[in-house]
Amino acid sequence: MLPVLLAALLLQESQPVPAEAVPHQCPCVPIYSAELRAGGWWMGSFDALTPAGRRQIDSSLFFDAGLDLEVERYRWTLTLSGDYGVASDVTVAAASLRVGRRFMLGSGDAPLDLQISAGPIFGKLDVNLNGFGDFKSGIGGEARADLKLPLHERLTLDFWLAYRQLSFKYDEPMISGDSKAGGATAAVGLGLLLRF
């Protein structure tokens with residue numbers, strides 16, 4: 001009877017430990033990460049007539065650089081993001097705070113995660129042309145989807161797509177035309193995520 005018990009114990013110890021039992025993969029332990037992103041941010045046009053003349057911004061694809069700081073627990077995520085968009089003489093700076101959920105789409109040799117998140121976004125639009133006028137800061141909402149492919153234990157490639165509803169009220173006297181810039185915008189790009 002004793003040899004049988006010893007053999008069973010040895011067999012149990014020789015078996016690989018399930019991924020769920022590895023401490024750093026336990027969903028109850030918070031996971032912290034930082035991500036650098038780059039991509040494009042599309043915004044619509046703005047056209048207004050003021051007492052000083054016409055003020056116009058063409059529909060543009062901004063170069064968008066971003067930074068995400070994220071904490072995850074039980075597959076729920078809380079992400080603080082900053083974005084900076086540049087196109088010709090126009091710049092947009094934005095910050096968002098999103099709550100999300102991560103879903104596993106693959107396993108084994110092809111691990112793939114889908115993360116869906118949403119939350120408020122705050123931004124500022126500036127036009128670097130003398131006499132153009134100013135825009136008020138805007139508050140809106142952002143929804144984002146991230147498709148994540150692990151490259152290493154701590155390094156992940158992220159393909160992201162975001163919908164941003166963010167408007168900026170023109171803060172100058174107007175005769176006619178658009179009173180706000182922005183509105184429904186979209187952004188897409190790639191990122192590298194580092195887990196701690």
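The values are calculated or read from the model by the stated rules, or taken from the named source; none is laboratory data. Since we're looking at a predicted model, the values are computed, not measured. When we count neighbours, we look across all protein chains shown, and the Cβ atoms used for this are built from the backbone with ideal geometry, even at glycine.
Only one of S59, S88 is surrounded by fewer than 20 Cβ atoms within 10 Å (Cβ to Cβ), among the polar types (S, T, N, Q) and either on the phi > 0 side of the Ramachandran plot or in contact with a helix residue (DSSP H, G or I) (Cβ under 9 Å, 6 or more places away or on another chain) (or both). Can you tell me which?
Checking each option against the conditions leaves just S88.
Taking region 126-144 as the region of interest, how many residues are of a type in the set (G, A, S) and out of contact with any Ser or Thr (no Cβ under 8 Å at 6 or more places or on another chain)?
The number of residues fulfilling the criteria is 3.
Based on this model, can you work out whether S14 counts as at pLDDT below 95 and farther than 18 Å from F132 by Cα?
yes
Do you know which of the residues in region 105-157 that are within 20 Å of Q56 (Cβ to Cβ) and among the hydrophobic types (A, V, I, L, M, F, W, C) is surrounded by the most Cβ atoms within 10 Å (Cβ to Cβ)?
Top of the filtered list is L125.
When you look at T77, is it more than 19 Å from W41 (Cβ to Cβ) and touching a Gly at 6+ places or on another chain (Cβ under 6 Å), yes or no?
yes
Filter region 158-177 down to the residues that are surrounded by fewer than 18 Cβ atoms within 10 Å (Cβ to Cβ) and of a type in the set (D, E) and list them by number.
D171, E172
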